[in-house]
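In what follows, a structure is listed as structure tokens, so that the remarks can point back to it.
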Amino acid sequence: MTEQLIHLSQTPVLFADGTPGEDPLELIGAAFGHEATWIAATHQRLGPDFFDLRSGVAGELTQKCVQYHLGLAVVGDIAPYSGGSEAVRSWVGEANRGRRLWFVADLDELEQRLGAPAGRGR
């Protein structure tokens, strides 16, 4: 597990990579500790339970991020999780139209979205 503060389009982002932590909600505390306004977590870090919508892991983490005014970006190829699930594909599509939860291929895509004017990609 690694966490580090990076800046993308002048936005402080906690980048979390590695294997799943004990609790994805720990990322919120780490983000505050680093004074980040966004969390960028690889799909590996979030783990398969995040993509099993019935588990409630994704809902709990995204709700807490919204409560604490943090953005959440899931980084990487999530096709293994979304390929067989219409619910996950719909959720990803809807999230990417919003402003606080995005699914991006890599950090370059996140940086582009963070730098886009409001209403265009944000």
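The values are calculated or read from the model by the stated rules, or taken from the named source; none is laboratory data. All of these numbers come straight from a predicted model, not from anything done at the bench. Here the Cβ is made from the backbone with ideal geometry for all residues, glycine too, and neighbour counts use every protein chain on show.
Points worth noting:
- Test: Gly76 is within 25 Å of Ile6 (Cβ to Cβ), in contact with a His (Cβ under 6 Å, 6 or more places away or on another chain) and at pLDDT 95 or above: yes
- Restricted to the stretch 13-50, and to residues there that are in contact with a Leu (Cβ under 6 Å, 6 or more places away or on another chain) and not aliphatic (A, V, I, L, M), the residue that is farthest from Leu101 (Cα to Cα) is His34.
- Restricting attention to the stretch 51-89, the residues that are farther than 17 Å from Asp106 by Cα, loosely packed, with under 13 Cβ neighbours inside 10 Å and among the acidic types (Asp, Glu) total 1.
- Taken together, the criteria place Val92 among residues that are surrounded by 14 or more Cβ atoms within 10 Å (Cβ to Cβ) and farther than 19 Å from Phe15 by Cα.
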